[in-house]
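Any read-out appearing in this document is the output of simple, stated calculations on the displayed coordinates, not a laboratory observation. For clarity, every value in this text was computed on a predicted model and none was experimentally measured. Virtual Cβ from ideal backbone geometry, glycine too; neighbours counted across all protein chains shown.
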Amino acid sequence: MQQLIEILRREKCSLVVKNHGIVTTYSKPGVRDLEHLLDHDPEMLHGATIADKVIGKAAAAMVVVGGVKELYAEVMSTKAIPFLEEAGIAYTYGTLVDTIKEEGDRCQLEKITAPATTPEETVALLRTHFEEKKREREVRN
């Protein structure tokens, strides 16, 4: 895990995934890389060890559904912990916070996923949100 944490900090990326002996870095903001992996390369997450900049409830749900076995977060929300513990995912963090903040306000994804009580419900809410955002972008273009 220490190697992944060092890469996360040195490369200034948002996510580092180690699986099948291969280390891969990602740098999209928020949960976009986790979303992509979950939807397009789920085997990369299954059984993986990851280091992420921020793990809130949304990211924790994606990690659980993806089958990650261990994670480190530079910043972790207390709302992420129940999902991780229920799934038996080993976790450590640099800083623990009550709420993930975005531009001084509560993170939009934390607001969207607030009603969900399971990782699967949370991921379903996220997928609906991402699809709506995608349609909005398509309408504007």
Report task. Could you list T117, T99 in order of exposure, starting from the residue whose Cβ has the fewest other Cβ atoms within 10 Å? Result -> T117, T99
**Report entry** Placed amide H near G47: partners under 5 Å, 5+ positions off or other chain
**Finding:** V68, K69
Report task. Compute the acute angle (0 to 90°) between the alpha-carbon long axis of helix 119-140 and the principal axis of greatest extent of the alpha-carbon atoms of the chain; round to the nearest 10°. Result -> 60
Query - Over the chain: helical MRE at 222 nm, DSSP H runs n ≥ 4 each giving -39500 (n - 2.57), nearest 500 - result: -14000 deg cm²/dmol
Query - Neighbour cut-off at most 16 other Cβ (10 Å), DSSP loop, trypsin sites (Lys or Arg not before Pro), the stretch 1-30 - result: K12
Requested in this report: Determine the sum of side-chain charges near E102: Lys and Arg each +1, Asp and Glu each -1, restricted to other residues whose C-beta is under 11 angstrom from that of E102.
Outcome: 0
**Report entry** Amide H contacts of V54 (H built 1.01 Å from N, under 5 Å, at least 5 apart or other chain)
**Finding:** E74, V75
Query raised in the report: With r defined as the distance between the Cβ atoms of E136 and Q2 and R0 fixed at 41 Å, what FRET efficiency is calculated, to the nearest 0.05?
Result: 0.50
Report summary line: Summed over the other residues with a beta carbon less than 12 angstrom from that of A61, with K and R at +1 and D and E at -1, the charge totals -2
Requested in this report: Under 19 Å between C-alpha atoms is the cut-off here; go through the chain and count lysine pairs that meet it, provided they're at least eight residues apart or on different chains.
Outcome: 23
Requested in this report: Return F130, F83 ranked ascending by Cβ neighbour count within 10 Å, so the fewest neighbours appear first.
Outcome: F130, F83
Query raised in the report: Relative contact order (percent) for the stretch 2-140, with alpha-carbon contacts under 8 angstrom and 6 or more residues of separation?
Result: 18
Requested in this report: Rounded to the nearest 10 degrees, what's the angle between the helix 57-66 long axis and the longest principal axis of the chain, both from Cα atoms, 0 to 90?
Outcome: 70
Report task. In debye, nearest 20, what is the charge dipole magnitude of the chain about its Cα centre with +1 on Lys and Arg Cβ and -1 on Asp and Glu Cβ, if you could check? Result -> 360
